[in-house]
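> Dropping the structure in here first, questions after.
The values are calculated or read from the model by the stated rules, or taken from the named source; none is laboratory data. Since we're looking at a predicted model, the values are computed, not measured. Here Cβ is always computed from backbone atoms with ideal geometry, including for glycine, and neighbour counts include all displayed protein chains. Accessible surface is based on the protein model in full, side chains and every heavy atom, while ligands, DNA and RNA are left aside. Shrake-Rupley method; radii C 1.70, N 1.55, O 1.52, S 1.80 Å.
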Amino acid sequence: ETIFLDYKTAPEYQYPTQLNEALDLWYDLTTRQNYKPEDIIIGGDSAGANLLLAMMMKLRDNGEKLPLGAFCISAWADMTGESESFTANYGKDIEFGDIWHPDVDVEKKWRMMHSGIYSFIGKADRKDPYISPALGDFRGFPPMMFTVGEDEMLLDDTLTIVEKLKKENIPVLCETQPGMFHIYTTMRDMMPESQ
């Protein structure tokens with residue numbers, strides 16, 4: 001059985017709306033519907049991966065059980081824009097960056113960081129691990145799987161999390177694909193790398 005969370009989106013709804021909705025669904029599944037956490041695997045791509053990571057951190061911090069495992073596709077997990085790949089891959093990532101205007105100056109980066117795609121943050125601190133899970137810790141997390149393109153601006157979001165999971169001795173599988181961009185795996189019918 002697969003269940004999708006149709007969460008409220010920004011700019012109308014900001015943090016912590018989406019996190020609260022994810023937690024509401026989790027509690028509905030594990031209490032009212034009697035699913036056991038150890039029988040659930042959760043997954044998400046891009047902002048959805050951010051949400052599942054934040055939800056698992058919140059559950060752990062509240063002393064609650066986590067799911068059996070999780071997978072993230074092109075996790076958007078660092079809202080600070082300070083990673084090396086965020087700038088270095090700007091001209092390569094056809095989904096998140098701009099291949100036609102690859103140079104990133106201070107003004108362009110500021111405009112991007114304050115654009116509508118970041119509106120879910122609202123007035124929250126970008127460095128809060130519930131906003132930027134890559135900046136948090138992953139102790140107690142279940143086994144995880146990640147896919148990410150090597151040309152993604154968000155490549156370092158995934159690689160940072162994978163390294164932190166390894167330091168906690170948590171089983172983790174990370175598949176990186178050369179020459180690929182943000183959420184390339186969701187474009188299954190368009191190219192062989194996605195398959």
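> Once the whole set of protein chains is in place, how much accessible area is left on Lys127, using a 1.4 Å probe, in Å² to the nearest 10?
My reading of the accessible area for Lys127 is about 120 Å².
> Another question, if that's okay. Can you give me the solvent accessible area of Val106 with a 1.4 Å probe, rounded to the nearest 10 Å²?
Approximately 130 Å² for this residue.
> Further question: Name the residue, out of Gly116, Gly48, Gly97, whose mean-square fluctuation peaks in a Gaussian network model built on the chain with Cα pairs under 10 Å.
Its mean-square fluctuation being the largest, the pick is Gly116.
> Still on this model: What size of dipole, in debye to the nearest 20, comes out for segment 1-40 about its Cα centre when the only charges are +1 on Lys and Arg C-beta atoms and -1 on Asp and Glu C-beta atoms?
Working: 3 positive and 8 negative charges, 18 e Å.
Computed about the Cα centre, the dipole is about 80 debye.
> Also, quick follow-up: Over segment 1-108, what percent of the accessible surface lies on carbon and sulfur atoms, probe 1.4 Å? Working shown, then result.
Numbers: 3020 of 6000 Å².
Roughly 50 percent, rounded to a whole number.
> Quick one: accessible surface of His101, probe radius 1.4 Å, all protein chains present, in square angstrom to the nearest 10.
Approximately 110 Å² for this residue.
> Pick from Ser74, Ser85, Ser132 the residue whose mean-square fluctuation is largest in a GNM of the chain, springs joining Cα atoms under 10 Å.
Ser85
> For segment 40-100 and segment 124-195, what is the separation of their Cα centres, given in Å?
Here the two parts' Cα centres lie 6 Å apart.
> Tell me which lysines have Cα within less than 25 Å of Lys123's Cα, excluding those fewer than 8 residues away on the same chain?
Those lysines meeting the cut-off are Lys8, Lys58, Lys108, Lys109.
> With the Cα gyration tensor of segment 1-71 giving a ≥ b ≥ c as the square roots of its eigenvalues, does the rule (a/c under 1.5 for rounded; else a/b larger than b/c for prolate; else oblate) give rounded, prolate or oblate?
Working: a/c = 1.57, a/b = 1.53, b/c = 1.03.
Prolate shape, in that a/c is at least 1.5 and a/b is the bigger ratio.
> What does the C-alpha gyration tensor say about the overall shape of segment 129-184? Classify as rounded when a/c is under 1.5, otherwise prolate if a/b is larger than b/c, or oblate. Intermediate values should be presented prior to the final figure.
Values: a/c = 2.61, a/b = 1.57, b/c = 1.67.
Oblate shape, in that a/c is at least 1.5 and b/c is the bigger or equal ratio.
> Shifting gears a bit: Only Cα pairs within less than 10 Å get springs; with that Gaussian network setup on the chain, which residue of Ala124, Ala47, Ala70 has the largest fluctuation?
Ala124
> Another one. Using +1 on the beta carbon of Lys and Arg, -1 on that of Asp and Glu, and nothing else charged, what's the dipole of the chain about the Cα centre, debye to 20? List each step's numbers first, then the result.
Values: 18 positive and 33 negative charges, 119 e Å.
It works out to roughly 560 debye.
> Same structure, new question: What percent do you get for the relative contact order of the chain when only Cα pairs under 8 Å and 6+ apart count?
Details: 345 pairs, mean separation 44.0, N = 195.
Relative contact order, the chain: 23 percent.
> Given a 1.4 Å probe and heavy atoms of the protein chains only, how would you sort Asp93, Asp103, Asp156, Asp189, largest accessible area at the top?
Values: Asp93 0, Asp103 120, Asp156 40, Asp189 140 Å².
The ranking, largest first, comes out as Asp189, Asp103, Asp156, Asp93.
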